[in-house]
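Engineer: Submitted below is the structure of interest, expressed as structure tokens.
Coordinate-derived values only; no laboratory data. What you are looking at is a predicted structure, and each value in this text was computed from that prediction instead of being measured. Note that we place each Cβ from the backbone using ideal geometry, even for glycine, and neighbour counts take in every protein chain shown.
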Amino acid sequence: MMMNALHRQHILSSDQFELETLDALYSTADMLRPVALGRQYTRILEGAVLASLFFEASTRTRLSFDAAFMRLGGAVSHTTGVEFSSLMKGESIADTARVISGYADVMVIRHEQENVIHESAKASLVPVINGGNGAGEHPTQSLLDLYTIRSEFAKQDRMINGARIALVGDLKYGRTIHSLIKLLSLYQNLTFVCTSPSHLVCPQHYIDIAENAGHRIEVHHDLCTGITGCDVLYATRVQGERAGGDILNLEDGGDFCLTQAKLNAHCPAHCVVMHPLPRDSRLGAQDLSSDADQDPRLAPPV
């Protein structure tokens, strides 16, 4: 019954979800997991078409939508990059969305401008899914992230309620962080430890959401302090494509290279370590270090 709340609805923000809806959604995901792994087959979406409109660069998100739709028997029609669309000819995003919604049964859209996803949804004749809108949100990534947290906590027979969640890195432009805060705020008695350089702090809007839901907020600009004793460590790279002059480096941002040594020194054995990817894996990058790739605390793909 709770899944009916999503029937033919746009998925634009994590604001749309309640715990009961998430429970129903994740039960369906559990049921379809063998299909996702290629162990079972279904044609439930046979005849349906997904329009995949990625006007901003993407690898995992675009391919995951395409693969999921095709594994369920549907077909995918896509365009990648603004330069390959009629937007380059001066067409409005509303016209693009209205016309393409006549070709497809659902659209997934990614765009560097936050408002484009909302303009598209207003014009579309079919449901629109937000695949990432600028520095705004990434609701489907947060759905996956929460599914991962739930799965990892279940393995340890632990509850999310009462957990200490360390959010690390670029909290200003990291849209996956913004959406995840909204979903986690549905739980109880959490501590959000927002750990970032002083010029990349989490926008107050998202802090207010968590505080208004009764959660505690800690703000740290020292990596080791912020990750100490956390139950979940969620790291994210600097969003250079959106950050402009906000550059994370040793001189103005502190040391945010999350190495194996720091994980061992400050994170408990039960900690769930996550990263939405892509990761800056260059030597010395201020991100989750490649030397931690074999750490058993890293959450596996779900």
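Engineer: Could you give the nm distance between label points at residue 298 and residue 41, where each point is 7 Å from its Cα heading toward the beta carbon?
Structural biologist: So the label points at residue 298 and residue 41 sit 3.3 nm apart.
Engineer: Points 7 angstrom from Cα along the Cβ direction at residue 208 and residue 70: gap in nanometres?
Structural biologist: 4.4 nm
Engineer: With each run of n ≥ 4 DSSP H residues scored as -39500 (n - 2.57), what mean residue ellipticity at 222 nm is computed for the chain after dividing by its residue count and rounding to the nearest 500 deg cm²/dmol?
Structural biologist: -9500 deg cm²/dmol
Engineer: Contour minus end-to-end for residue 26 and residue 80, with contour as 0.36 nm per residue of separation and end-to-end as the Cα-Cα distance?
Structural biologist: 16.5 nm
Engineer: If I stretch the segment between residue 265 and residue 113 completely, what's the gain in nm (0.36 nm per residue apart, minus their alpha carbon distance), one decimal?
Structural biologist: Separation in residues times 0.36 nm, less the Cα-Cα distance, equals 50.7 nm.
Engineer: As an exercise, use a Förster radius of 51 Å and the Cβ-Cβ distance of residue 19 and residue 224 to find the FRET efficiency, rounded to the nearest 0.05.
Structural biologist: Numbers: r = 33 Å, r/R0 = 0.65.
FRET efficiency, residue 19 to residue 224: 0.95.
Engineer: Checking a compactness column here: for region 2-133, what do you get for Rg(Cα) / (2.2 N^0.38 Å), N being the number of residues?
Structural biologist: Details: Rg = 15.1 Å, N = 132, 2.2 N^0.38 = 14.1 Å.
That works out to 1.07 for region 2-133.
Engineer: For the chain, the longest stretch holding no chymotrypsin sites (Phe, Trp or Tyr not before Pro) located in a DSSP loop with at most 16 other Cβ atoms within 10 Å is which? Provide the component values of the computation, followed by the final result.
Structural biologist: On the way: sites that count: 41, 103.
Here the longest run is 104-302.
Engineer: How do 122, 172 rank when sorted from fewest to most other Cβ atoms within 10 Å of their own Cβ? It would help to have the intermediate numbers written out before the result.
Structural biologist: Numbers: 122 12, 172 20.
If I rank by nearby Cβ atoms, fewest first, I get 122, 172.
Engineer: What full-extension length gain, to one decimal in nm, is calculated for residue 9 and residue 216 as 0.36 nm per residue of separation minus the Cα-Cα distance?
Structural biologist: Answer, rounded to one decimal: 71.3 nm.
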